[in-house]
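Bear in mind these aren't lab numbers, they're just calculated from the coordinates by the rules spelled out. The shown structure was predicted, so the numbers you read here are calculated from the model rather than taken from an experiment. Cβ coordinates were reconstructed from backbone atoms using ideal geometry, including for glycine residues, and neighbour counts include every protein chain displayed.
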Amino acid sequence: MNANTLFVAAEAQPLAKTGGLADVVGGLARALLQRGADVTILIPGYPRAIAAARDVRSLGAIHLPMALPPGHSPARLLQGQMPDSGVRVVFLDCPSLYDRPGSLYVDATGRDFCDNAQRFAALAHAATAIAAGETPLPVPSLVHAHDWHAALTPLLMRTRGLRTPTVCTIHNLAFQGVFPMAVAGPLGLPPESLTPDGIEFWGKINFLKAGIRYADRITTVSHTYAREILTPHFGHGLDGLLVHRAAVLGAIPNGVDTDTWSPRTDRLLPQCYDARNLAGKRACKAALQQRHGLPVDADRPLIAMGSRLTHQKMADVALDAIALALATHTDAQFVILGCGDPRLEAAFCALAQRHPQRVGVAIGYREEDAHLLHAGADMLLHGSRFEPFGLTPVYAMRYGTVPIVSRVGGLADTVRDVGDGTAPAARANGIVFDGESVEAMCAAMTRGLGWYGRQRHWRSLQRTGMQTDFGWEGPARQYLAMYGSLAPALAHVPVVDVEAVAAAPTVQPARGGRRPVAVPDAPALSPSDAGAAATPA
Ligand code: ADP
Ligand code: GLC
């Protein structure tokens, strides 16, 4: 039987996306496949996702050992292929759970679906059934759960006595899947796990805590974030448990899809360009200015924002910082693309109405628009209060757009500050600021605008960003090395570059300025935990 890895996730680009999770699930699976690994992605059967997949066929009914509302649709598995990469995708098809208006997690008014606990517990039960060999799919050699939506899987697998190794990747600790204790029984969760040492969390149940507690390895998506989440400030109430499990916690920084996000080949741009010849970027800037009704002028600096308009992304701070910058930098233009908090959306629209010649705002998100935004802007403003990785500034750098970021998480790892010298600091590719204040963000924009006026140095910043290697090659090797260390069958995956993979470092424990804490076995679970692997040998 072929060794293979099962990904479990709520999103996978290009089928279903609300943010970077989708990019990483789709991009990593593709990168692993390209290196000879056999990967299957299990996602919910959102109708639009099923319609966009290739060669979809039914694998038959699946039994989910949990209570579903009376009259719910029968659940079945569908198998198809990702339309771009050909990676095998399996859908948990259950229309009463996944066929509804709104986005993946919220209704049309922006409110969480009231049955999200059922929707994602069902996904974990489906993954467990696959791991247990109860479906026509090959039994995976390793199960990799992404974020809270998938994080019950290691617990349910352990409860079933399955020895298959599990990995839980934290893409964002702020989202944990916390639900009333009363749903635990109907969800089919083992009573022994409903303690503070299990998945209980302030009297409720916490899906992500299950992943952190019971997975054999926990990873997150940047080195700095891996250290930050061990502290109360960034730990969202789970820092204590993460410290407890620090010996199996590590970071594998994300990659980006360098084919999709490449100004040299991007068909969504009016004109392509590369680091040697940036002429096409002027055409992209003109197109972006035109689209937002701003005066078309190559010399006026254009600062863009493209992200969820939320507290995490400091959209509230950006609103005031941009208002301040409008007053102090009278030639600068601003374009904002995104959606999120309705009050912030309205406030950005009002700002554009007050400054129609200087501010363009598009509420919503279309992948095509994000490409033009990254290509046409001079700078990308991306403040975050916390940022596990932050793909957006990396996409911007690929297009010669200089990022202005806050020094947190992955942003601190990917963006190197230009400094205040007479020339950019060595290997500088952007502007970094500290803190969460309007003044700090505005001062960072002022610094950016200062460097923008010094053309030769600006080119150097742009080129350094464009030439930095952010591809999946390195991260994919690290994942393969980790999988191989957990599952002997996966150590023999016929990877394209076997020597390099063998030499790749295994996942690095987070550097927390302290010795890693030994992880004791998780609490016993019935019915058959005797053989369940607690932590890897
Ligand atoms: P996060 O996942 O926290 O939103 P990232 O920067 O890592 O942050 O990834 C964001 C991804 O989502 C990028 O692919 C970006 O183009 C896309 N994106 C940005 N804003 C939106 C939005 N409003 N809706 C959907 N996707 C968005
Ligand atoms: C999350 C994080 C983001 C990260 C993405 C992919 O959405 O907020 O920082 O890049 O996941 O890992």
Task: Most positive-pole-ward Cα, GLY161, ALA318, SER460, against dipole of the chain from beta carbon charges - done: SER460
Open item on the list: Output the 0 to 90 degree angle, nearest 10, between the alpha-carbon long axis of helix 315-328 and the longest principal axis computed from the alpha carbons of the chain.
Closed with: 10
Open item on the list: Distance between the C-alpha centers of region 82-149 and region 277-335? Whole Å please.
Closed with: 37
TODO: Run the dipole for the chain about the Cα centre, Lys and Arg Cβ at +1, Asp and Glu Cβ at -1, nothing else charged, and hand back the magnitude in debye, nearest 20.
DONE: 700
Task: Percent of beta bridges antiparallel (DSSP, region 1-109, rounded to nearest 5) - done: 55
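Near VAL438, within a Cβ-to-Cβ distance under 13 Å, what is the net charge of the other residues, with Lys and Arg +1 and Asp and Glu -1?
Numbers: positive: none; negative: ASP316, ASP320, GLU436, GLU439.
Every neighbour counted, the sum reads -4.
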TODO: On a 0 to 90° scale, report how tilted helix 279-291 is relative to the longest principal axis of the chain, with both axes built from alpha carbons and the result rounded to the nearest 10.
DONE: 80
TODO: Name the residue farthest towards the positive end of the dipole of the chain from the options CYS114, LEU230, CYS349, assuming +1 on Cβ of Lys and Arg, -1 on Cβ of Asp and Glu, about the Cα centre.
DONE: CYS349
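Taking the alpha carbon gyration tensor of region 143-226, what are the square roots of 5 times its eigenvalues, largest first, to the nearest whole Å?
Values: eigenvalues 82, 50, 18 Å².
Values for region 143-226, descending: 20, 16, 9 Å.
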Task: Hits among lysines - C-alpha to C-alpha of LYS285 under 30 Å, sequence gap 8 or more where chains match - done: LYS17, LYS313
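To the nearest 20 Debye, how big is the dipole of region 201-325 about its Cα centre, given +1 on the beta carbon of each Lys and Arg and -1 on that of each Asp and Glu? Kindly include the intermediate steps, with their values, before the conclusion.
Numbers: 16 positive and 11 negative charges, 40 e Å.
Dipole size: approximately 200 debye.
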- [ ] Taking H placed 1.01 Å from N in the peptide plane, check which residues at least 5 places from ALA75 or on another chain put their amide H under 5 Å from its amide H.
- [x] ILE62
Task: Table column - 3J(HN,Hα) (Hz), region 145-154, Karplus curve with 6.51, -1.76, 1.60, x for Gly and Pro - done: 9, 10, 6, 4, 4, 10, 6, 6, 4, x
Task: For GLU200, residues with placed amide H under 5 Å, excluding near neighbours - done: THR195
TODO: Taking H placed 1.01 Å from N in the peptide plane, check which residues at least 5 places from VAL408 or on another chain put their amide H under 5 Å from its amide H.
DONE: none
- [ ] Do me a favour and compute the ellipsoid semi-axes for region 284-412 from its Cα gyration tensor, root of five times each eigenvalue, largest one first, whole Å.
- [x] 20, 17, 14
Open item on the list: Using +1 at the C-beta of Lys and Arg and -1 at the C-beta of Asp and Glu, which of LEU104, LEU21, VAL415 has the Cα lying farthest in the positive direction of the dipole of the chain?
Closed with: VAL415
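Using unit Cβ charges (K, R positive; D, E negative) and no other charged atoms, how large, in debye to the nearest 20, is the dipole of region 279-467 about its Cα centre?
Values: 21 positive and 18 negative charges, 125 e Å.
The dipole of region 279-467 has a size of about 600 debye.
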TODO: Convert each backbone phi in region 118-123 into a coupling constant with the Karplus relation 6.51 cos²θ - 1.76 cosθ + 1.60 (shift: θ = phi - 60°), then list the ³J(HN,Hα) values in order as whole Hz, x for Gly and Pro.
DONE: 5, 4, 9, 5, 4, 4
TODO: For the chain, just run the numbers: alpha carbon Rg, then divide by 2.2 N^0.38 Å, N being how many residues it has.
DONE: 0.97
Open item on the list: Just to confirm the number: angle between the C-alpha axis of helix 455-467 and the first principal axis of the chain, 0 to 90 degrees, nearest 10?
Closed with: 20
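Quick one: work out the % antiparallel among DSSP beta bridges in the chain, nearest 5.
Details: 20 of 65 bridges.
Antiparallel bridges make up about 30 percent of those DSSP assigns within the chain.
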